[in-house]
1. Which residues, taken from region 142-197, are part of a helix (DSSP H, G or I), among the basic types (Lys, Arg) and touching an Asp or Glu at 6+ places or on another chain (Cβ under 8 Å)?
2. Select from region 25-37 the residues that are without any contact (Cβ under 8 Å) to a residue 60 or more places away in the chain and open to solvent by 10 Å² or more (accessible area, probe 1.4 Å) and list them in ascending order.
3. Of the residues SER111, SER152, which is open to solvent by less than 10 Å² (accessible area, probe 1.4 Å) and either over 17 Å from LEU70 (Cα atoms) or out of contact with any helix residue (DSSP H, G or I) (no Cβ under 7 Å at 6 or more places or on another chain) (or both)?
4. Only one of (1) surrounded by fewer than 18 Cβ atoms within 10 Å (Cβ to Cβ); (2) at pLDDT 80 or above; (3) among the aromatic types (Phe, Trp, Tyr) is not met by PHE279, so which one is it?
5. Working only within region 99-140, note down all residues that are among the hydroxyl-bearing types (Ser, Thr, Tyr) and either at pLDDT below 90 or not in a helix (DSSP H, G or I) (or both).
6. Applying the selection to region 121-133, what residues are touching a residue at least 60 places away in the same chain (Cβ under 8 Å) and out of contact with any Ser or Thr (no Cβ under 7 Å at 6 or more places or on another chain)?
7. Output the residues belonging to region 196-213 that are open to solvent by 60 Å² or more (accessible area, probe 1.4 Å), at pLDDT below 90 and not polar (S, T, N, Q).
Amino acid sequence: MFSPAYYAACTVGGTLCCGLTHMAVTPLDLVKCNMQIDPTKYKSISSGFGVLLKEQGVKGFFRGWVPTLLGYSAQGACKYGFYEFFKKYYSDIAGPEYATKYKILIYLAGSASAEIIADVALCPMEAVKVRVQTQPGFARGLSDGLPKFVKSEGALGLYKGLVPLWGRQIPYTMMKFASFETIVEMLYKYAIPTPKEQCSKSLQLGVSFAGGYVAGILCAIVSHPADNLVSFLNNAKGATVGDAVKNLGLWGLFTRGLPLRIVMIGTLTGAQWGIYDTFKVFVGLPTTGGVTPAPAATVPAKV
């Protein structure tokens, strides 16, 4: 635990769980992005799928899957690897007693720190993905979309959506990790009569999936306004946050595409924690969360 090999394993697990799951829900993401950009054409989830099927066929549902896979693999590597690192780092700074007492703050600080780094890795691929998915005819995928985007916007244009991406992903990840850790701890404490270390690995992985799914629903709600901003800014050249708010309206900013995103992110996050902890078990590590560290023993002062 907490050796370089441990953090390397967490990084590989994060790569697998984020890259594979985001690629798998590309059709949902495609409909969601188009509902955010063109609500008059993509009025609902069902009609959105119908429009895409009619205009682009079945292949159209996976447009943008390559930048999705690469971008979220890089993000997942940084998100999970650095979260484990920062969680231990901040716990060591706080000391055993305060790390236990203020564990929620440790989870929040560790996840926020990790996500700042992870979004720098994700941002270029996210920019290309949104443009490919919401502007038919712009490009077939990453190979022609990336050079075309750079030619149009410049290399720095790939990071035009970084601040809104931080606005979406940092609260999302803080909620994702802190709520997951808390939910899993509560499940082992109140719903499962057996201590975690005595539970079967399959039960522990089931708890990871359940905790991840509930955490994902909370994540979707917290981060949705910023998700709308990211989609709008990466779709429209020269657009600003003010343009997005004016175009979408405050209500639209919080609600447009939200039901679909709740389904997508809930499933996504549950699957991510399931895959991540499955990989940890595969390499001989314990699943995440569920055990509250004991506070440091108080040594009586000598008189």
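1. Residues of region 142-197 part of a helix (DSSP H, G or I): 142-153, 155-159, 162-191, 196-197.
Pick out the ones that are also among the basic types (Lys, Arg) and you get 148, 151, 168, 176, 189, 196.
If the condition is that a residue be part of a helix (DSSP H, G or I), among the basic types (Lys, Arg) and touching an Asp or Glu at 6+ places or on another chain (Cβ under 8 Å), then ARG168 is the only one that fits.
2. Narrowing region 25-37 to residues without any contact (Cβ under 8 Å) to a residue 60 or more places away in the chain: 26-27.
Within region 25-37, PRO27 is the sole residue that qualifies.
3. Details: SER152 fails: open to solvent by less than 10 Å² (accessible area, probe 1.4 Å).
Answer to the check: SER111.
4. So the condition that PHE279 fails would be (1).
5. THR100, TYR102, THR134
6. Correct list: GLU126, ALA127, VAL128, ARG131, VAL132, GLN133.
7. Residue satisfying the conditions is GLU197 alone.
For every residue, the table says whether it meets (1) in a helix (DSSP H, G or I); (2) assigned by the TED database to the domain that holds ASP144; (3) among the aromatic types (Phe, Trp, Tyr); (4) under 15 Å from the mean Cα position of the chain (by Cα).
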position: MET35; (1), (2), (3), (4): yes, yes, no, no
position: LYS43; (1), (2), (3), (4): no, yes, no, no
position: PHE49; (1), (2), (3), (4): yes, yes, yes, no
position: VAL66; (1), (2), (3), (4): yes, yes, no, no
position: LEU70; (1), (2), (3), (4): yes, yes, no, yes
position: ALA74; (1), (2), (3), (4): yes, yes, no, yes
position: GLY81; (1), (2), (3), (4): yes, yes, no, yes
position: SER91; (1), (2), (3), (4): yes, yes, no, no
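The values are calculated or read from the model by the stated rules, or taken from the named source; none is laboratory data. Because the structure is predicted, anything quoted here is derived from the model rather than measured. Don't worry about glycine lacking a Cβ; one is built from the backbone with ideal geometry, like all the others, and counts go over all protein chains shown. These accessible areas exclude ligands, DNA and RNA; they are computed on the full protein's heavy atoms, side chains included. Shrake-Rupley method; radii C 1.70, N 1.55, O 1.52, S 1.80 Å.
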